[in-house]
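Right, one structure below, let's go through it.
The values are calculated or read from the model by the stated rules, or taken from the named source; none is laboratory data. From a predicted model like this one, the values you see are computed outputs, not experimental measurements. Cβ: placed from backbone, ideal geometry, glycine included. Neighbour counts: every protein chain shown.
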Amino acid sequence: MEVMATRRLTLEQRGGQSEVLVQLAQPQQDEHGDFVCLLEIAGLGEEHRYPSHGVDGIQALQLALKTASAVLDAHARQGATLRWNDETNLGFDS
């Protein structure tokens, strides 16, 4: 995965803190002419990869950011607090 951007988050749960790493790959064109942007999230248990597909690189990137927001919001609803720069707004809203 060719990493284009990285965001480090702080996960607070059960009285402790750990790091969550969110990485986005540069969108790549697939064999059908569409684009895919790979999102990788590490630090929430198992490492997860989520491919987001779009008709161009920007749409694939937008969908990857929406996926990041949905995955992280779901984890926060399970009782964890995620922070970026000491704020609970993680900045993935688009």
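Of the conditions (1) on the phi > 0 side of the Ramachandran plot; (2) surrounded by 13 or more Cβ atoms within 10 Å (Cβ to Cβ), Leu63 satisfies every one except a single condition; which number is it?
Result: Leu63 fails condition (1) only.
Taking the residues in region 12-30 that are modelled with pLDDT under 95 and not polar (S, T, N, Q) as candidates, determine which candidate is farthest from Leu72 (Cα to Cα).
Asp30
Which condition breaks for Arg83 when tested against (1) more than 16 Å from Gln13 (Cα to Cα); (2) touching a residue at least 24 places away in the same chain (Cβ under 8 Å)?
It is condition (1) that Arg83 fails.
Within region 49-64, is there a residue that is under 13 Å from the mean Cα position of the chain (by Cα) and among the charged types (D, E, K, R)?
Among the residues of region 49-64, at least one is under 13 Å from the mean Cα position of the chain (by Cα) and among the charged types (D, E, K, R), which makes the answer yes.
Taking the residues in region 41-69 that are hydrophobic (A, V, I, L, M, F, W, C) and either assigned to a helix (DSSP H, G or I) or touching a residue at least 60 places away in the same chain (Cβ under 8 Å) (or both) as candidates, determine which candidate is farthest from Glu31 (Cα to Cα).
Ranking the qualifying residues of region 41-69, first place goes to Ala68.
Just name the residue that is nearest to His75 (Cα to Cα) out of those in region 31-40 that are in contact (Cβ under 8 Å) with a residue 12 or more places away in the chain and of a type in the set (D, E, K, R).
Glu40
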